[in-house]
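Beneath this line is the structure, given in structure tokens, with notes to follow.
Here, each number is a calculation from the coordinates, and none is a lab measurement. As the structure is a prediction and not an experimental result, all values here were calculated from the model. Virtual Cβ from ideal backbone geometry, glycine too; neighbours counted across all protein chains shown.
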Amino acid sequence: MLEKLKREFALIALGLSGGVLLLALLLSLVTNWSTQTSITQSLLRQSLQDGVAVSPKMGSKDREGSVGADSMLTITVDVSSGGVMLSRSDSPAAIDEDDLREVVQQAVASPDEQGFDFGRHIAWATKKTAYGMRIALCDTFSRDKAMSKQALSSASILIVSLVVLYGVSRKFAGWAIRPVAEAWDAQRRFISDASHELKTPLAVILANTQILQKSTSVSEEDRRWVTSTADEAGHMKGLVEDLLTLARADEAKAGSVGAAAPLVDVDLTGIVEEAALEFDPVAFERGCEIECDAVQGVCVRGDRAQLARVASTLLDNATKYAPKGTTVGVKLAREGKHAHLTVNNGGPAIEAEDVKHLFDRFYRTDKARSREETGGFGLGLAIAKSIVEAHGGKIWAESTDADGTTFHVVI
């Protein structure tokens with residue numbers, strides 16, 4: 001939970017800082033592009049105002065080598081009303097002869113007074129004259145190349161900055177949630193210590209009540225109070241054991257030495273079939289039946305006792321809420337390197353808001369139902385989740401009116 005909180009904190013900080021940085025870089029690019037475009041348009045307008053010096057033939061030059069002011073120089077062309085080139089100015093602008101003719105034809109055919117050929121990196125502007133039209137053309141190859149380099153450089157800066165920002169945000173997130181982490185650790189230790197301390201008095205209470213239940217000196221009228229005390233002490237013992245299980249799971253997540261049992265090869269097929277057989281009479285008493293379809297030979301690395309508890313918890317939950325006369329479906333399949341266990345009951349669909357909290361501790365979908373009715377404290381699914389996650393797996397639930405409620409476990 002704390003790691004997730006730290007990650008979310010870092011991502012929020014990264015999103016805000018990265019958004020500001022991205023906006024600044026985009027603004028810089030747009031500003032630069034606007035400035036360069038304004039300069040180009042100014043050159044084109046100036047060329048249209050000047051006269052045209054007749055040149056016998058414009059020489060061609062390597063555009064890759066044209067830099068600085070030379071590449072921004074323009075060529076002006078006078079065109080007759082019939083589209084015939086009458087004359088052009090002499091200029092060091094590196095525009096190929098064929099490109100020049102193509103762009104001139106575009107300018108003559110276009111209804112606009114200015115435009116840009118992105119493929120040839122040539123900007124143009126036109127002005128009507130008494131004999132036809134004057135066209136000014138500007139080679140923008142170097143400008144466009146510089147803009148591309150700036151965009152690539154900005155993208156690289158953005159990526160590096162985001163990586164650095166994420167690292168810094170993670171550091172600050174760890175510092176910011178330190179009080180939460182300390183409170184969480186204190187709560188975890190309290191639950192673990194309190195559960196351990198409660199085990200001894202509970203054991204004494206249960207032992208004393210057992211003696212009193214067997215004693216002949218206790219009247220039948222008083223015996224019912226002893227029985228009630230024994231029942232409640234038994235329920236409390238179950239709660240303490242569940243809290244201890246969760247405390248150990250939290251210690252395992254925190255990396256405590258000796259918190260987790262060693263993992264070995266476990267026959268998951270046998271575990272599922274044994275759990276289905278164990279709950280078959282329970283399902284019969286509750287008015288439903290269990291149908292088990294388990295692929296043979298499915299093995300995983302894990303703790304057999306803990307995985308058996310997951311299967312038992314899901315079957316207990318399914319048979320508890322399955323309507324009478326329905327079937328609880330249990331399936332175990334092999335999916336690549338993973339084992340996929342599903343337990344389905346055809347009960348009424350669970351609200352989507354409740355499905356998200358099914359694995360929360362002490363959570364109940366039906367707040368009106370008491371512990372006496374359900375027989376638990378709302379910790380079973382939370383414990384199942386902690387066990388599955390400790391095995392590197394995933395557990396989730398789906399609930400629809402058509403299919404009922406299905407729990408999935410993938411390990």
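Figures for the structure shown
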| quantity | calculated |
| --- | --- |
| Quarter of the Cα convex hull surface for the range 103-157, i.e. its orientation-mean projected area (nm²) | 4.3 nm² |
| Local electrostatic count at residue 79 - Lys and Arg +1, Asp and Glu -1, tallied over other residues with Cβ under 13 Å | +4 |
| P(r) weight above 22 Å for the range 178-253, C-alpha pairs, percent | 41 percent |
| Links that overshoot a 19 Å alpha carbon limit, given the list 171/356; 331/356; 4/394; 237/385 | 171/356; 331/356; 237/385 |
| Environment charge at residue 395 (Cβ cut-off 12 Å; Lys +1, Arg +1, Asp -1, Glu -1) | 0 |
| Residue 263 long-range amide H proximity, modeled H, under 5 Å | none |
| Sequence ranges 325-332, 304-311, 136-143, ranked by mean other-Cβ count within 10 angstrom, highest first | 136-143, 304-311, 325-332 |
| Karplus-derived 3J(HN,Hα), 6.51/-1.76/1.60, for each residue of the range 12-17, Hz, glycine and proline x | 5, 4, 5, x, 5, 5 |
